[in-house]
1. Looking at region 371-390, which of its residues are over 18 Å from Leu69 (Cβ atoms) and crowded, with 20+ Cβ neighbours inside 10 Å?
2. Go through region 327-348 and give me each residue that's among the small types (Gly, Ala, Ser) and either under 30 Å from Ser315 (Cβ atoms) or not in a helix (DSSP H, G or I) (or both).
3. Among the residues of region 56-65, is any modelled with pLDDT of 85 or more and within 17 Å of Thr136 (Cβ to Cβ)?
4. Only residues in region 326-350 that are touching a residue at least 60 places away in the same chain (Cβ under 8 Å) and of a type in the set (Asp, Glu) count as the first member; pair them with residues that are part of a helix (DSSP H, G or I) and crowded, with 22+ Cβ neighbours inside 10 Å, Cβ under 7 angstrom, at least 6 apart or cross-chain, and list the lot.
5. Based on this model, can you work out whether Phe360 counts as of a type in the set (Phe, Trp, Tyr), crowded, with 20+ Cβ neighbours inside 10 Å and either more than 29 Å from Thr133 (Cβ to Cβ) or modelled with pLDDT of 85 or more (or both)?
6. Starting from region 389-415, take each residue that is of a type in the set (Phe, Trp, Tyr) and list its partners that are in a helix (DSSP H, G or I) and crowded, with 20+ Cβ neighbours inside 10 Å, counting only C-beta distances under 7 angstrom and pairs at least six apart or across chains.
7. Return the pair list, or none, for Cβ contacts closer than 9 Å from residues in region 281-300 that are in contact (Cβ under 8 Å) with a residue 40 or more places away in the chain and within 20 Å of Val401 (Cα to Cα) to residues that are of a type in the set (Val, Ile, Thr) and surrounded by fewer than 18 Cβ atoms within 10 Å (Cβ to Cβ), at least 6 apart or on different chains.
Amino acid sequence: MKYFFRRFGAFLEVSLGLDQLGGNFKRFASMHCTFNLFQGLVSVYITTLLMRVTGDGDIVKWYNLLNYLFSGLMMPVAVAVMRKQNTNLVTRIGILGFIVLYTTLLFSMNSADKMMPVLGFFSGVSGAFYWLTYSTYVSAFTEDNKRDVALAFLGFVNGIITLIMPALSGFVIERIPDFWGYMVVFGLAFLVAVVTILLSLRLPKHVNPEGKKNKNTYFRRSLHNIAHSACWRYGMLAETMRGVREGTFNFLLNILLFEAISSETLMGFNTLLTGVGTIVSFWMIGKIVKPGNRIKVMFSATIILLAASVLPAVSLNPATIMLFALINAFFTQFILNSSSSIFFLLVQKKAEMNAREEYFSIRELMLDFGRIVGILVLFLFPKDPVGYVIAIVALTLTQFVTVELSKHTLKLLKREEKEQVESGKPVEA
């Protein structure tokens, strides 16, 4: 039996590409997977809790808008803390922030609508600290030729978590009366978050060898480089346009489904279906997406998503919403994964080693700006089936701009590399 499990473990490692990745990445991945576990338990149900208390989907839009606003604003603060202290501390601050968020929810279930600005604040601040270090760790522990595999593995495991946890949470919430079901689920998320902090202690304090010596931040220099480099400008604009659709689709389909039928169990089942789509998507990404075909993959996925928008246009009912959510979960990952890989490559090639976190934080700020724009666009459309369908189509069309900007970013990167080779300057590997 021991031999069987060893062979099975080796098979999984090869199948998922883990044999191509180093020990530091595996330690980071174990911590990130538990992070996704406690997020998977509750993230969908913050939306349903707010809607159940108020009966209005607009409160979810405002919650997400505040989340993205504070996430963007706190990025520079997270970089400063990382410089003065260490990367690992910033990770733990982010996780602790989510623990505070869940504790607040536990003691304010009946007045969650009144506490919504506070919840949005803690969600945004916590996300800023955690996702900055996520970008830092992925960049430090992977190379470009292995990055699609690494991101696909993280997405694959997250898909499995998304497959199981929200469905389980929805079942518990509906079976336990009043708000006690929510309290059980948020309490479990609290415990898993504590485990995540313990796993984060296994990660190196500094991913930059010079990190212990370098206490300064370099935002002025980074912003100057972005303003004066077409390559940086196109890369940042691509991330902004990506955020326009990504931010709204994180919750829009959940709003539509919950308005159609107010059932946490059905919400969990829908998340289970999208989890299946995500798992298969990331498995395929790890097999077929390479540095040379990222743009083609993004363009093809955008065309399919646009074509799939006909489903809610035909009939906006639970069945079509769930089918569209499944298609969206599958093909969106091809855009997000390729876009992230292109930006990591941009940082690898053009960012100064002691200022990479500044570029990542500016990127997150641009992403959050795009997400806020997407939510504001959503407010412009009527809250009826026709308005929602037009919004879905309009937001999907923006991804053609993302593809074109990403394509131009890579084109400029290659041109600069060619010029460096011709001038005899060293080229970043």
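1. As a first pass, look at region 371-390 and keep what is over 18 Å from Leu69 (Cβ atoms): 380-390.
Listed by number, the list holds a single entry, Tyr388.
2. Of all residues in region 327-348, those among the small types (Gly, Ala, Ser) come to 329, 338-341.
Within region 327-348, Ala329 is the sole residue that qualifies.
3. no
4. From residues that are touching a residue at least 60 places away in the same chain (Cβ under 8 Å) and of a type in the set (Asp, Glu), there are no pairs.
5. Values: of a type in the set (Phe, Trp, Tyr): yes; crowded, with 20+ Cβ neighbours inside 10 Å: yes; either more than 29 Å from Thr133 (Cβ to Cβ) or modelled with pLDDT of 85 or more (or both): yes.
Spelling it out, Phe360 is indeed of a type in the set (Phe, Trp, Tyr), crowded, with 20+ Cβ neighbours inside 10 Å and either more than 29 Å from Thr133 (Cβ to Cβ) or modelled with pLDDT of 85 or more (or both).
6. Partner pairs satisfying both residue conditions: Phe400/Thr302.
7. Here the result reads Val297/Ile288, each pair linking region 281-300 to a residue that is of a type in the set (Val, Ile, Thr) and surrounded by fewer than 18 Cβ atoms within 10 Å (Cβ to Cβ).
The rows are residues; the columns are (1) among the polar types (S, T, N, Q); (2) surrounded by fewer than 20 Cβ atoms within 10 Å (Cβ to Cβ).
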| residue | (1), (2) |
| --- | --- |
| Thr48 | yes, no |
| Thr54 | yes, yes |
| Tyr68 | no, no |
| Met75 | no, no |
| Ala80 | no, yes |
| Lys84 | no, yes |
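The values are calculated or read from the model by the stated rules, or taken from the named source; none is laboratory data. Worth saying up front: this structure is predicted, and the values here are computed from it rather than measured. Neighbour counts run over all protein chains shown; Cβ positions are idealised from the backbone, glycine included.
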